[in-house]
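J.: Once you've had a glance at the structure underneath, I'll fire off some questions.
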Amino acid sequence: QVQFVESGGGLVQPGGSLRLSCAASRISFSLYDMAWYRQAPGKSRDLVAGISSGGSTRYTDSVKGRFTISRDNAKNTVYLHMDSLKPEDTAVYYCNARLSLTSYWGQGTQVTVSS
């Protein structure tokens with residue numbers, strides 16, 4: 001069974017930084033496109049950033065220039081480095097692995113940006 005271990009969430013002040021990690025097991029990680037989504041209370045789960053199996057990246061407009069997604073295939077891990085955090089970045093962040101019609105989700109990690 002595919003497993004994800006997400007870590008790195010927490011409480012941070014506006015302007016601060018966090019790095020989220022998502023370690024996958026029991027999948028051929030390097031073949032999968034990976035992404036981070038987030039869901040705020042009462043809102044839909046939306047794409048934040050994605051990185052293809054070949055390393056191409058994409059970001060939602062609101063995080064461009066502040067967030068960086070990366071992957072380490074040797075460690076089966078995808079990262080989301082978040083700088084200049086804003087209160088509106090507060091959400092549960094989920095990692096996602098996708099290959100063709102197959103999609104797996106992590107359990108989510110809470111990020112709270114507040115003074």
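J.: Could I have the simple spin-label model distance between residue 81 and residue 107, label points 7 Å from Cα toward Cβ, reported in nm to one decimal?
T.: With each label placed 7 Å out from Cα toward Cβ, I get 2.7 nm.
J.: Same structure again: With a cut-off of at most 15 other beta carbons within 10 Å, and DSSP calling the residue loop, which trypsin sites (Lys or Arg not before Pro) in the stretch 64-97 qualify? Please list them. List each step's numbers first, then the result.
T.: Values: sites: 64, 66, 71, 75; in loops: 64, 66, 75.
Passing both the DSSP loop test and the Cβ count: 64, 66, 75.
J.: Could you work out how far the C-alpha centroid of the stretch 81-112 sits from that of the stretch 29-45, in angstrom?
T.: 5 Å
J.: Sort 6, 88 from largest to smallest accessible area, using a 1.4 Å probe on the heavy atoms of the protein chains.
T.: Working: 6 15, 88 125 Å².
Correct descending sequence by accessible area is 88, 6.
J.: Please report the carbon-and-sulfur percent of the accessible area for the stretch 35-115; probe 1.4 Å, protein heavy atoms only, DNA, RNA and ligands left out.
T.: Details: 1980 of 4230 Å².
Ligands and nucleic acids excluded, carbon and sulfur give 47 percent.
J.: Using the basic label-point model (7 angstrom from Cα toward the beta carbon), what is the residue 70 to residue 30 distance in nanometres?
T.: So the two model labels end up 1.9 nm from each other.
J.: At 0.36 nm per residue, and after removing the present C-alpha to C-alpha distance, how many nm does the segment from residue 114 to residue 98 gain when stretched out fully? It would help to have the intermediate numbers written out before the result.
T.: Working: separation 16, 0.36 × 16 = 5.76 nm, distance 3.21 nm.
Gain on extension, residue 114 to residue 98, equals 2.6 nm.
J.: For residue 59, what accessible area in Å² do you get when you roll a 1.4 Å probe over the heavy atoms of the protein chains, rounding to the nearest 10?
T.: We get 60 Å² for residue 59.
J.: Still on this structure: Let me cross-check residue 83: its accessible surface, 1.4 Å probe, with only protein heavy atoms counted, in Å² to the nearest 10?
T.: Around 50 Å² of this residue is reachable by solvent.
J.: Where both residues lie in the chain, what percent of DSSP beta bridges are antiparallel, nearest 5?
T.: Values: 40 of 43 bridges.
Approximately 95 percent, going by the DSSP bridge assignments.
J.: Per residue, how much accessible surface does the chain expose to a 1.4 Å probe? Answer in Å², no decimals. Display every interim value, and only then the final one.
T.: Values: 6070 Å² over 115 residues.
Per residue, the chain has 53 Å² of solvent-accessible surface.
J.: Give me the accessible area of residue 31, 1.4 Å probe, in Å² rounded to the nearest 10.
T.: 100 Å²
The values are calculated or read from the model by the stated rules, or taken from the named source; none is laboratory data. Predicted model only: the values in this text are computed from it and were never measured. Methodologically, a virtual Cβ is constructed for each residue, glycine included, from the backbone with ideal geometry; neighbour enumeration extends over all protein chains shown. Note: areas computed on protein heavy atoms with side chains; ligands, DNA, RNA excluded. Shrake-Rupley method; radii C 1.70, N 1.55, O 1.52, S 1.80 Å.
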